[in-house]
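The values are calculated or read from the model by the stated rules, or taken from the named source; none is laboratory data. Treat the numbers as computed from the prediction; the structure is a model and nothing was measured. In this analysis, Cβ positions are derived from the backbone assuming ideal geometry, glycine residues included, and neighbour counts consider all displayed protein chains.
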Amino acid sequence: MDVIHFPDDPRPAGWRQPVLALGNFDGVHRGHAKILERVRRAATEHGGTAVVLTFDPHPTRIVRPDKAPALLMTPAQKREALSQAGMDGMAIVGFTPDVASWDPERFVQAVLVDWLRVTEVWVGANFLFGRERSGNFTLLRLLGAQLGFRAEKIDPIRYKDFVVSSTRIRRLVAEGRVDEAGALLGHHYTIEGVVVEGERRGRTLGFPTANLQTENELVPPDGVYASFARIDGAHRPAVTNIGIRPTFGNAGYTIEAHLLGMDVDLYGQRLELAFVLRLRDERRFESAAALVEQIAIDRDRALRLFERLSL
């Protein structure tokens, strides 16, 4: 997937009749997937290029930094997810105070018309753009008719009783309700990073762990989780503890994954952790033996869960 940045990079010559998905796409959830599927289909039908346009940093970091959310994905995770969704290209607008001050008409002219020369643009139902979010879909469609591109939107996507949104998913993850967050995402909530050396306490207890140093902004709250670990493209069932290990006197905050049935040196390797279900709160035990007993219970519960799931 080709990636270009506004205003520095020109549109690639190979991007013919771009069909554009426009938005932030944090999490690449079920609603986003619907927009991306429509864009991919339209591009195929018209012999065009399926392109996604997003912003860096997230616009709220500029216009309302005190309200800026912890994001569901790192930039690398977002790029990978959009590529897996079938996008041919990704256009990233550097969101600055100057760009934030543009009225909707200037944004459309400068970015969609002059830079990308789009033929079709797809957005979500609640899409707003331009200075103080003054532009809406009605205006986008009107400008498209004047400037030579078609604008379309999709209705809100619902999963069971809920409208799918990045805001709702962030709240679920922050509350530890990772199973519900995964249902709205359409995939497990995942963080990634590098395995770093810890105190090796898990190994002495018979449950060696990989200690993850993550780049993700949003980490589920302290607790024990059934999870999947992906390393070198292979998925392994795991039990992950997030917290301060209070049994050992607040031993410092860690994200520790015990990969079930696997005991190898992973230091320095990249690891992804996909959260399936919160098993329990982190708590202090009276002894290391009591902790070991509980870890075994957590492992067995996770294994029963994984027997019903596909890696």
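Would you be able to tell me the number of residues in region 126-142 that are of a type in the set (S, T, Y) and either under 20 Å from A33 (Cα atoms) or not in a helix (DSSP H, G or I) (or both)? Break it down stepwise before answering.
Within region 126-142, the first condition is being of a type in the set (S, T, Y), and the residues that meet it are 134, 138.
In the following step, the residues that additionally are either under 20 Å from A33 (Cα atoms) or not in a helix (DSSP H, G or I) (or both) were identified as 134.
Number satisfying all stated conditions: 1.
Has region 43-51 got at least one residue that is in the same structural domain as G89 (by TED's automatic domain parsing), in a strand (DSSP E or B) and among the hydrophobic types (A, V, I, L, M, F, W, C)? Outline the logic, then answer.
Taking region 43-51 as the starting set, the residues that turn out to be in the same structural domain as G89 (by TED's automatic domain parsing) are 43-51.
Keeping just the survivors that are in a strand (DSSP E or B) gives 50-51.
Retained after the next criterion (residues that are among the hydrophobic types (A, V, I, L, M, F, W, C)): 50-51.
The answer is yes; a qualifying residue exists.
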Quick one: is A226 surrounded by 20 or more Cβ atoms within 10 Å (Cβ to Cβ), at pLDDT 85 or above and either more than 13 Å from N211 (Cα to Cα) or not basic (K, R) (or both)? yes
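So, V93, is that one in contact (Cβ under 8 Å) with a residue 12 or more places away in the chain and more than 18 Å from the chain's Cα centre (by Cα) or not? If you could, list the steps in order and put the result at the bottom.
Values: in contact (Cβ under 8 Å) with a residue 12 or more places away in the chain: yes; more than 18 Å from the chain's Cα centre (by Cα): yes.
Yes; evaluated as a whole, the condition is true for this residue.
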Restricting to region 57-74, name every residue that is within 10 Å of N24 (Cβ to Cβ) and outside any loop (DSSP other than H, G, I, E, B). T60
Do we have V219 as surrounded by 15 or more Cβ atoms within 10 Å (Cβ to Cβ), of a type outside the set (S, T, Y) and either in a strand (DSSP E or B) or modelled with pLDDT under 90 (or both) here? no
Collect the residues in region 248-285 that are closer than 16 Å to A229 by Cα and in a loop (DSSP other than H, G, I, E, B), keeping them in residue-number order. L260, G261, M262, D263, V264, D265, L266, Y267, G268, Q269
Candidates V108, V118, V123, filtered to the one that is assigned by TED's automatic domain parsing to the domain that holds H32, assigned to a helix (DSSP H, G or I), surrounded by 15 or more Cβ atoms within 10 Å (Cβ to Cβ) and at pLDDT 95 or above: V108
Just a yes or no: is a residue in region 56-66 at pLDDT 95 or above, closer than 18 Å to F95 by Cβ and in contact with a strand residue (DSSP E or B) (Cβ under 7 Å, 6 or more places away or on another chain)? yes
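Could you tell me whether any residue of region 286-301 is in a strand (DSSP E or B), hydrophobic (A, V, I, L, M, F, W, C) and modelled with pLDDT of 90 or more?
So the first thing to find is which residues in region 286-301 are in a strand (DSSP E or B), and the list is none.
No, that holds for no residue.
Tell me whether region 63-73 contains one or more residues that are surrounded by 20 or more Cβ atoms within 10 Å (Cβ to Cβ) and of a type in the set (K, R).
Within region 63-73, none of the residues are surrounded by 20 or more Cβ atoms within 10 Å (Cβ to Cβ) and of a type in the set (K, R).
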Can you pull out every residue in region 244-296 that is loosely packed, with under 12 Cβ neighbours inside 10 Å and either within 20 Å of P220 (Cβ to Cβ) or in contact with a Gly (Cβ under 7 Å, 6 or more places away or on another chain) (or both)? N250, G252, Y253, D281
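One residue is enough: does region 23-38 have a residue meeting the conditions more than 24 Å from A274 (Cβ to Cβ), crowded, with 23+ Cβ neighbours inside 10 Å and hydrophobic (A, V, I, L, M, F, W, C)?
So far as region 23-38 goes, no, none of its residues is more than 24 Å from A274 (Cβ to Cβ), crowded, with 23+ Cβ neighbours inside 10 Å and hydrophobic (A, V, I, L, M, F, W, C).
Return yes when K67 is in contact with a Ser or Thr (Cβ under 8 Å, 6 or more places away or on another chain) and on the phi < 0 side of the Ramachandran plot and no when it is not.
yes
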List the residue pairs whose Cβ atoms are under 7 Å apart, where the first residue sits in region 180-204 and is at pLDDT 95 or above and charged (D, E, K, R), the second is surrounded by 18 or more Cβ atoms within 10 Å (Cβ to Cβ) and outside any loop (DSSP other than H, G, I, E, B), and the two are 6 or more positions apart or on different chains. E180/L172; E192/Q77; E192/L271; E192/E272
